[in-house]
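Just below is one structure, and these are the notes that go with it.
The values are calculated or read from the model by the stated rules, or taken from the named source; none is laboratory data. The structure displayed is predicted, hence computed values, not measured ones. Here the Cβ is made from the backbone with ideal geometry for all residues, glycine too, and neighbour counts use every protein chain on show. Quick note on the areas: whole protein, heavy atoms, side chains included, nothing else; ligands and nucleic acids left out. Shrake-Rupley method; radii C 1.70, N 1.55, O 1.52, S 1.80 Å.
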Amino acid sequence: MSAPSSSFHWISTFLEAQAAELGAATNTQLAYGRDLRDFVDWLERKNSDLAGADREKIEAYLVWCDAQGLAKSTRARRLSAIKQVFRFAFEEGWRGDNPAIQIKGPGRENRLPKTLDVPEVDRLLDAARSAGRTPLERLRNTCLMELLYATGMRVSELVGLPVSAARGDPRMLLVLGKGAKERMVPLSPPARTALAEWLVARDEEEDSRRRNGHAASRFLFPSHGKSGHLTRHRFYLLIKEIAVAAGVSPAKVTPHTLRHAFATHLLANGADLRSIQTLLGHADLATTEIYTHVLDERLSELVHEHHPLSKPDRNG
């Protein structure tokens with residue numbers, strides 16, 4: 001993907017991806033937007049922009065924020081927004097470096113990613129089978145959810161899959177990730193079944209459209225919109241509908257929490273971090289290591305909830 005033409009275009013594309021992939025709340029979106037616009041305004045006064053800013057510029061901006069008397073929490077939030085937009089730009093291939101990666105903030109707790117337990121994922125996958133107005137939509141929704149959980153793909157990778165990648169009953173899918181990096185991800189038996197059933201229905205629908213004069217789609221999940229495929233935003237809304245049908249809190253469920261669940265459940269069942277890093281397409285193992293903390297926290301909760309020695313009234 002080529003880099004947007006201006007800093008403000010970078011911000012709008014980044015915020016759109018945050019909303020679609022992470023389910024960022026409206027208030028969070030607005031706060032990030034304000035923080036990044038303030039940073040871009042400051043850069044413009046220094047004859048710079050997001051494409052050209054280096055570590056020295058970012059640190060100078062943080063010193064300026066401190067001099068304005070901004071609260072520690074506000075400065076931490078601004079640095080968080082800056083770090084995320086530069087990480088996004090690096091992963092999208094807009095920049096060859098991430099100038100913010102080593103900058104330390106004024107101190108803020110690392111929030112662990114939200115995840116889902118296995119029974120919740122099972123309920124989501126079951127609900128997807130009956131989610132949709134038509135049999136075609138239900139097959140598509142089942143395939144989307146099975147592929148997402150089986151592979152840990154980013155939602156942008158999933159919705160943009162070419163149909164050619166799915167031909168021939170594959171056991172592995174070739175995924176084009178961020179920064180145009182390719183990786184192979186294995187498919188589970190349920191995902192292969194869902195994919196095969198969806199392909200039959202999809203091809204029949206495409207044949208019908210061709211007979212009516214429409215061009216064939218090259219995407220696995222076609223759409224009549226400008227992109228030619230199901231959009232990240234539409235899938236984000238769709239997964240919320242499936243969560244409601246499954247009786248799982250929609251606040252917990254986004255395409256990204258399914259990616260987190262994929263990684264956490266693999267780790268809990270003995271997969272090593274390097275393998276998970278490869279499957280997720282993380283450039284840096286440090287990004288993958290967050291899942292060890294998620295698992296540690298969950299195991300600690302289980303001990304406190306279920307171990308007899310943790311019960312205050314065990315002698316009573």
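For the range 227-260, the candidate set comprises residues that are of a type in the set (Lys, Arg) and open to solvent by 20 Å² or more (accessible area, probe 1.4 Å); within that set, the residue that is farthest from Met145 (Cα to Cα) is Lys252. Residues in the range 156-174: is at least one free of Cβ contacts under 8 Å to residues at least 12 places away in the same chain, under 22 Å from Ser227 (Cβ atoms) and not in a loop (DSSP other than H, G, I, E, B)? Yes. Within the range 128-140, if we keep just the residues that are touching an Asp or Glu at 6+ places or on another chain (Cβ under 9 Å) and in a helix (DSSP H, G or I), the residue that is surrounded by the fewest Cβ atoms within 10 Å (Cβ to Cβ) turns out to be Leu136.
Whether any residue in the range 109-118 is in a helix (DSSP H, G or I), surrounded by fewer than 19 Cβ atoms within 10 Å (Cβ to Cβ) and either in contact with a helix residue (DSSP H, G or I) (Cβ under 8 Å, 6 or more places away or on another chain) or not small (Gly, Ala, Ser) (or both) is what I want to check.
Let us first name the residues in the range 109-118 that are in a helix (DSSP H, G or I), namely 118.
Those left that are additionally surrounded by fewer than 19 Cβ atoms within 10 Å (Cβ to Cβ): 118.
Applying the additional criterion that residues be either in contact with a helix residue (DSSP H, G or I) (Cβ under 8 Å, 6 or more places away or on another chain) or not small (Gly, Ala, Ser) (or both) yields 118.
Looking for residues that are in a helix (DSSP H, G or I), surrounded by fewer than 19 Cβ atoms within 10 Å (Cβ to Cβ) and either in contact with a helix residue (DSSP H, G or I) (Cβ under 8 Å, 6 or more places away or on another chain) or not small (Gly, Ala, Ser) (or both), one finds at least one in the range 109-118, hence yes.
Leu279 fulfils the conditions (1) open to solvent by less than 70 Å² (accessible area, probe 1.4 Å); (2) of a type outside the set (Ser, Thr, Tyr); (3) in contact with a helix residue (DSSP H, G or I) (Cβ under 6 Å, 6 or more places away or on another chain) except for a single criterion, (3). Kindly evaluate Thr288 against the criterion of being open to solvent by less than 10 Å² (accessible area, probe 1.4 Å), modelled with pLDDT under 90 and either of a type in the set (Ser, Thr, Tyr) or under 22 Å from Thr13 (Cα atoms) (or both). Here the answer is yes, as Thr288 does meet what is asked.
With the requirement that a residue be at pLDDT 85 or above and under 20 Å from Ala180 (Cα atoms), what does the range 1-15 give you? Those that are at pLDDT 85 or above and under 20 Å from Ala180 (Cα atoms): Trp10, Thr13, Phe14. Contact map, the range 48-67: residues that are more than 15 Å from Leu79 (Cβ to Cβ) paired with residues that are of a type in the set (A, V, I, L, M, F, W, C) and in a helix (DSSP H, G or I), Cβ distance under 8 Å, separation 6+ or inter-chain. Pairs shown: Asp49/Val40; Asp49/Leu43; Ala51/Trp10.
Of all residues in the range 195-213, those that are under 17 Å from Glu137 (Cβ atoms) have Cβ atoms under 8 Å from Cβ atoms of residues that are small (Gly, Ala, Ser), 6 or more apart or on another chain, in Leu195/Ala166; Leu199/Ala166; Glu206/Ala216; Glu206/Ser217; Arg209/Ala216.
Against the list (1) modelled with pLDDT under 70; (2) closer than 24 Å to Leu116 by Cβ; (3) open to solvent by 50 Å² or more (accessible area, probe 1.4 Å), the condition Asp313 fails is (2).
For the range 193-226, enumerate the residues that are part of a loop (DSSP other than H, G, I, E, B), open to solvent by 50 Å² or more (accessible area, probe 1.4 Å) and among the polar types (S, T, N, Q). Before you say what the answer is, go through the steps one by one.
As a first pass, look at the range 193-226 and keep what is part of a loop (DSSP other than H, G, I, E, B): 212-218, 220-221, 223-226.
With open to solvent by 50 Å² or more (accessible area, probe 1.4 Å) added as a condition, the list becomes 212-216, 218, 224, 226.
If the condition is that a residue be part of a loop (DSSP other than H, G, I, E, B), open to solvent by 50 Å² or more (accessible area, probe 1.4 Å) and among the polar types (S, T, N, Q), then Asn212 is the only one that fits.
Just one of the listed residues (Lys46, Lys104, Lys83) is open to solvent by 50 Å² or more (accessible area, probe 1.4 Å) and touching a Gly at 6+ places or on another chain (Cβ under 9 Å), and it is Lys83.
Within the option set Gly160, Gly179, being among the small types (Gly, Ala, Ser) and in contact with a strand residue (DSSP E or B) (Cβ under 7 Å, 6 or more places away or on another chain) holds for one residue only, Gly160.
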